[in-house]
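Trainee: Handing you a structure now.
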């Protein structure tokens, strides 16, 4: 496994970047693991019941309490944990751009109609021939819903 090194750069008077030296990142220690999968994401939520209802509407299954909050299982091995904090106020600009959920469906227009009928706030509809819509959850996190096409 190659060792990563981080070049230390300095901008010179002529506007070009010059490498002063390279610092190896822990060259004596080889990484003893490989990533397996993303297990869960924890979201702070203002209204826990409203957030649970939203993620259930998307097909998530409430999977009980964990130390970090209420688990909503998306798939086997993938969970969104909702951490109820009534004093939480969502930031105007989140550190997360969006969370993507892949779905199996026949028609993105039917999915869009379902989301609307269930009160989801759409922020991006599918382009002509597209397979993705975006909605806001109750705490204004952008949830991207992408239809997986067979084949």
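Values quoted throughout were computed directly from the atomic coordinates according to the rules given, and no laboratory measurement underlies them. Because the structure is a prediction, the values reported are computed rather than measured. We place every Cβ from the backbone using ideal geometry, glycine too, and count neighbours over all the protein chains shown.
Trainee: Just grab the label-to-label distance for residue 85 and residue 50, each label 7 Å out from Cα along the Cβ direction, in nm (one decimal).
Mentor: Distance between the two pseudo-spin positions: 1.7 nm.
Trainee: Okay, next question. Can I get the semi-axes of the range 40-148's equivalent ellipsoid? Compute them from the C-alpha gyration tensor as square roots of 5 times the eigenvalues, in angstrom, largest first. Display every interim value, and only then the final one.
Mentor: Details: eigenvalues 111, 50, 29 Å².
With the √(5λ) rule applied to the range 40-148, the semi-axes are 24, 16, 12 Å.
Trainee: Hey, another quick one. Can you tell me the length gained on complete extension of the stretch residue 148 to residue 109, counting 0.36 nm per residue apart and subtracting the Cα distance? Display every interim value, and only then the final one.
Mentor: Values: separation 39, 0.36 × 39 = 14.04 nm, distance 1.38 nm.
Between residue 148 and residue 109, full extension yields an extra 12.7 nm.
Trainee: Once the piece of chain linking residue 92 and residue 76 is laid out straight, how much longer is it, given 0.36 nm per residue of separation minus the C-alpha distance between them?
Mentor: 2.5 nm
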